[in-house]
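Taking it in order: structure first as structure tokens, then the write-up.
The values are calculated or read from the model by the stated rules, or taken from the named source; none is laboratory data. None of these values were measured; they are calculated from a predicted model. Don't worry about glycine lacking a Cβ; one is built from the backbone with ideal geometry, like all the others, and counts go over all protein chains shown. Protein only, heavy atoms only, side chains kept; ligands, DNA and RNA dropped before computing areas. Shrake-Rupley method; radii C 1.70, N 1.55, O 1.52, S 1.80 Å.
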Amino acid sequence: MEEFRREKYKVKYFIILIYLLAFLFFGFKMLFYSEHVGRFPDEITHISYISYLEKSHEIIPNFKNMTILQEVKSIDSTTSAYTFGSNLNYLGHPPLYYQIMRLSGSIKIDNNSVIVNLVKLRHFNMIFSSLAIILILYIGYTRINKNPLLHCLYAVIVISVPMLAYDSAGINNDNLALLGLSVFVLGLLRFSEKNRNFSTYLIISLGVFLSFMSKLTTGLVVFISLLLYIVLLIIKEKNLWFLISKKAFFTLPIYILTAMYYIIVYFQTGTIMPTYKALDPQGYYASDFYVAVENRMHMDFVEYISYFSKNFLRSWTGIASHVSLIKEDSLLSINNIGLLALLIVPVILIFKVKKSTKKHSDVLALIAVYLGIVISIVIQCLRAYNEFTNVSGYLGGFQSRYYLCGISVIALAIVKIVSDFLKDEEKRSEINLNLESNLVIQHYSTKKVSNTRRFIIYSISLFFIFLLLYEDFIYFLINFKDYL
């Protein structure tokens, strides 16, 4: 018994070591990208948003008054002086992330000058991003059985999508989206585990609030996921009591606060999501976001879907920003296939819906959020097509980084699938152990097959782990040349 207890603790500490190494590696990548690569997505516009709030002290900005900073001079290696320019800041996102970033003390207003300590601001942002990663790793540590391989698989999936560490290193509200959706997922998992106390309802409501307060895309994912989860739960439990619980009622103010923000913005701007076109039509038509009709490329719906899908997937498997490392070879090549599989493999979990409605499990939450992501991607594609065809002729809007916030669900879904394969083998072995004595030879033969299958599953999982590590940072180090 004592020996068993020691072995149990060894496994526990080994699993903790796996997550610690994953976290440290993710942190190293963020620092590397910050110091040697930079040029993060729209970083100056995000810094301008923070600077406007620092100057105006408004809780909700007057979006029409926000403009983009222009650099005046470099003070030292970490700090520069800026002034507000005349070009409108087209970011219409909620202000919560930017208000949080003000707490870093990295931006000072000196008369008409804005002094920005970019290094300090990025480091504060990386701490914030690290909190989201810690939560995601905590979800894996507490929800996966004590098989070190499964924990290693989960941790590597979480840290290996190239844009995640890169995006987390820069000033970007995607970092709040990552935290918000992760909090929401934790709440749904607790609810699925029949842990339906006030804390769980509160966690879910905070996840909804943080997601909607990060960006509307993440809010859409959460909204669709919550609807799907409620439907699946009603099918399983055949009642609505969990919706009208007194514990849920006490979290209602958080949902009202979320809705109030969008109502206020609607009355201010005429839309719940202020756009460049709505805020400054003249500037919009003169910008790179608008292509004159005579200069537009023509694509029918099928051609556009092909264009969107290709670029969406390549922005998932590579780095796509003001500096890029896009993998131009086949999506099925050794450089892309592992990362591409992350988006596709969770589909297998959908076939477990019927089983999950009979026996309550976290699979319901995973399926709901995964489908929420998929449906949101489809909506994004249709909106981008409408924008391209009927509005601006703009060919952007295909970035997959908007859905990096769902990496915990993708990782947990894949681990769940692998875990179920392993459990199926264990069940076969248990059945064989109960066979009559005259079938011992058959049992021995099946047992060998079971061990062979287990070996194959472990081998594929280990190969997949090393493949992801290669397709992410190792590939970057080998192929990227445009360092700062």
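Test Ile18 against the criterion of being more than 25 Å from Phe84 (Cβ to Cβ), in contact (Cβ under 8 Å) with a residue 24 or more places away in the chain and part of a helix (DSSP H, G or I), and give yes or no. It is true that Ile18 is more than 25 Å from Phe84 (Cβ to Cβ), in contact (Cβ under 8 Å) with a residue 24 or more places away in the chain and part of a helix (DSSP H, G or I). Between Ala248, Ala278, the distinction of being over 30 Å from Ile68 (Cβ atoms) and small (Gly, Ala, Ser) belongs to Ala248 only. Only residues that are closer than 24 Å to Leu31 by Cα and either open to solvent by less than 30 Å² (accessible area, probe 1.4 Å) or polar (S, T, N, Q) (or both) were counted in region 90-120, giving 10. Every listed requirement among (1) within 25 Å of Leu91 (Cα to Cα); (2) without any contact (Cβ under 8 Å) to a residue 60 or more places away in the chain is met by Leu279 save one, (2). Taking the stated definitions as given, is Leu371 more than 21 Å from Phe289 (Cα to Cα), open to solvent by less than 40 Å² (accessible area, probe 1.4 Å) and not charged (D, E, K, R)? Spelling it out, it is not the case that Leu371 is more than 21 Å from Phe289 (Cα to Cα), open to solvent by less than 40 Å² (accessible area, probe 1.4 Å) and not charged (D, E, K, R).
Among the residues making up region 270-308, those that are acidic (Asp, Glu) and exposed (fewer than 15 other Cβ atoms within 10 Å of the Cβ) are Asp288, Glu294, Asp300, Glu303. Can you tell me which of Met273, Met299 is farther than 29 Å from Ser211 by Cβ, in contact with a helix residue (DSSP H, G or I) (Cβ under 7 Å, 6 or more places away or on another chain) and either touching a residue at least 40 places away in the same chain (Cβ under 8 Å) or not hydrophobic (A, V, I, L, M, F, W, C) (or both)? Residue meeting the stated conditions: Met299.
To keep it simple, each residue is scored yes or no on (1) among the polar types (S, T, N, Q); (2) more than 26 Å from Leu164 (Cβ to Cβ); (3) outside the structural domain of Phe184 (by the TED database).
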residue	(1), (2), (3)
Leu340	no, no, no
Lys352	no, yes, no
Ser361	yes, yes, no
Leu364	no, no, no
Ile367	no, no, no
Val374	no, no, no
Arg383	no, no, no
Leu395	no, no, no
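Restricting Leu313, Leu382 to those that are out of contact with any Lys or Arg (no Cβ under 6 Å at 6 or more places or on another chain) and within 30 Å of Phe421 (Cβ to Cβ) reduces the list to Leu313. Inspection of region 40-49 finds no residue satisfying the criterion of being under 27 Å from the mean Cα position of the chain (by Cα), surrounded by fewer than 16 Cβ atoms within 10 Å (Cβ to Cβ) and under 28 Å from Thr275 (Cα atoms). Strands (runs of 3 or more DSSP E) fully within region 72-149 that include at least 3 residues being free of Cβ contacts under 8 Å to residues at least 40 places away in the same chain and acidic (Asp, Glu): none found.
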